[in-house]
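Reading through the structure tokens given below for one structure.
Each reported figure results from applying straightforward, stated rules to the coordinates on display, with no laboratory input. For clarity, every value in this text was computed on a predicted model and none was experimentally measured. Cβ sites come from the backbone with ideal geometry, for glycine too, and all protein chains shown count toward neighbours.
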Amino acid sequence: MDHLQFLQSVELMAGLDRDRARLAAAATLLTLAERLGRPAAGELAPSLPPELREPLDAAPETAEAFDAGEFVRRIAAREGGPVDRLRDRLPPDYQGLFE
């Protein structure tokens, strides 16, 4: 999948425009990098288009232990939006992350 296809997928799944999809992808990948740490993020990075690898390349050396709720809160904070807005864009099976 190339960069454009990746962003189009985010746009379609999240109901976002291109700029918001780019921001959501970057926020998610940066938060994932924090959760995984450098070794695991480094393994994942080559599977992404080059334009999306920077957040994973910037992963901290060690992983941070945080739960799914914190994962979502960090993404929402990076997107500049409240968690409720992020929650409302996700499919119903993700609602358990917010309890």
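Only sites in a loop by DSSP and with at most 13 other Cβ atoms within 10 Å count here; which chymotrypsin sites (Phe, Trp or Tyr not before Pro) in the stretch 1-85 make the cut? Let's see the in-between values first.
Values: sites: 6, 66, 71; in loops: 66.
Those that pass, being in a loop and sparsely packed, are 66.
Mind putting a number on the dipole of the chain about its Cα centre? Charges go on the C-beta only, +1 for Lys and Arg and -1 for Asp and Glu, and I need it in Debye to the nearest 20.
160
Determine ³J(HN,Hα), in whole Hz, for all residues of the stretch 72-87 in sequence, where each value follows from phi through the Karplus function 6.51 cos²θ - 1.76 cosθ + 1.60 and θ = phi - 60°; x replaces Gly and Pro.
Residue by residue, the stretch 72-87 yields 5, 4, 5, 4, 4, 5, 5, 6, x, x, x, 4, 4, 5, 5, 4 Hz.
How charged is the neighbourhood of residue 15? Take every other residue with its Cβ under 12 Å from the Cβ of residue 15, and add Lys/Arg as +1 and Asp/Glu as -1. Show your work: numbers first, answer last.
On the way: positive: 20, 85, 89; negative: 11, 17, 88.
So the surrounding residues net to 0.
Give me the mean projected area, in nm² to one decimal, of the convex hull enclosing the Cα positions of the stretch 1-66.
Convex hull of Cα atoms, orientation-averaged projection: 4.3 nm².
Taking the Cα centre as origin and putting +1 on Lys and Arg beta-carbons and -1 on Asp and Glu beta-carbons, what dipole magnitude results for the stretch 1-43, to the nearest 20 debye? Walk me through the numbers on the way to the answer.
Working: 5 positive and 6 negative charges, 24 e Å.
In total the dipole reaches around 120 debye.
Extension gain residue 13-residue 68, at 0.36 nm per residue separation less the Cα-Cα distance, in nm?
Details: separation 55, 0.36 × 55 = 19.80 nm, distance 1.94 nm.
Length difference between fully extended and current span is 17.9 nm.
For every other residue with a beta carbon closer than 12 angstrom to the beta carbon of residue 37, add +1 if it is Lys or Arg and -1 if Asp or Glu, then tell me the sum. Don't skip to the end; give the middle numbers.
Numbers: positive: 35, 38; negative: 34, 43, 61, 64.
That sum, taken over residues with Cβ under 12 Å, equals -2.
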